[in-house]
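Here is the structure we will look at.
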Amino acid sequence: MSFSSAHFVISGGECEALHGHNYSVEVIMKGVLDELGMIVDFRDVKEEVAKVCKVFDHKVLLPGFSSSIKVEEDGESVHVSVEEKKYQFPLIDCVILPIRSTTAEHLAQYLSTQIEFPENLEVTVCVSESYGSSGCYTDEK
């Protein structure tokens with residue numbers, strides 16, 4: 001399960017350049033096996049994750065709750081300012097997320113809230129920006 005998106009984050013007190021990734025998403029679930037030997041049917045989970053990935057695919061991901069990145073909708077445009085940088089994007093090409101930063105860890109946490117999982121599972125969602133660069137979030141329901 002994957003999506004391609006652009007983003008930037010504040011790292012070490014500096015704003016990195018706008019850039020993109022071919023993200024991949026992994027979902028790990030722990031729970032009790034049913035009579036068929038499954039915790040959950042993977043097909044159902046993949047379908048849910050694919051829906052969310054489709055929303056992010058080929059979009060600019062922006063943090064709606066950042067204290068240092070200002071994001072404002074203006075009609076059909078989005079104005080973004082951080083430090084001396086100013087961006088303007090078509091609204092249709094953006095996803096403004098209710099998170100503080102578009103790090104892999106925050107994306108994983110957000111994704112975990114957008115997918116309906118069966119109760120009584122420990123669910124970990126991992127988002128990888130590239131091989132070896134992943135952020136994970138575990139929700140213990």
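The values are calculated or read from the model by the stated rules, or taken from the named source; none is laboratory data. Because the structure is predicted, anything quoted here is derived from the model rather than measured. Using ideal geometry, Cβ is built from the backbone for each residue, glycine included, and neighbour counts are taken over all protein chains shown.
Can you confirm whether Pro98 is under 20 Å from Cys126 (Cα atoms), surrounded by fewer than 17 Cβ atoms within 10 Å (Cβ to Cβ), in contact with a helix residue (DSSP H, G or I) (Cβ under 9 Å, 6 or more places away or on another chain) and at pLDDT 95 or above? It is true that Pro98 is under 20 Å from Cys126 (Cα atoms), surrounded by fewer than 17 Cβ atoms within 10 Å (Cβ to Cβ), in contact with a helix residue (DSSP H, G or I) (Cβ under 9 Å, 6 or more places away or on another chain) and at pLDDT 95 or above. In segment 51-81, of all residues being crowded, with 18+ Cβ neighbours inside 10 Å and of a type in the set (Val, Ile, Thr), the one that is nearest to the chain's Cα centre (by Cα) corresponds to Val52.
Residues of segment 107-122 that are within 19 Å of Leu97 (Cβ to Cβ) and in contact with a strand residue (DSSP E or B) (Cβ under 9 Å, 6 or more places away or on another chain): Leu107, Ala108, Gln109, Tyr110, Leu111, Ser112, Thr113, Ile115. The one condition from (1) out of contact with any Asp or Glu (no Cβ under 7 Å at 6 or more places or on another chain); (2) free of Cβ contacts under 8 Å to residues at least 60 places away in the same chain; (3) not polar (S, T, N, Q) that Val49 does not meet is (2).
Just name the residue that is nearest to Ala104 (Cα to Cα) out of those in segment 14-33 that are among the charged types (D, E, K, R) and surrounded by 11 or more Cβ atoms within 10 Å (Cβ to Cβ). Result: Glu26. Looking at this structure, is Val49 in contact with a strand residue (DSSP E or B) (Cβ under 7 Å, 6 or more places away or on another chain), under 17 Å from Tyr23 (Cα atoms) and modelled with pLDDT under 95? So Val49 passes the test.
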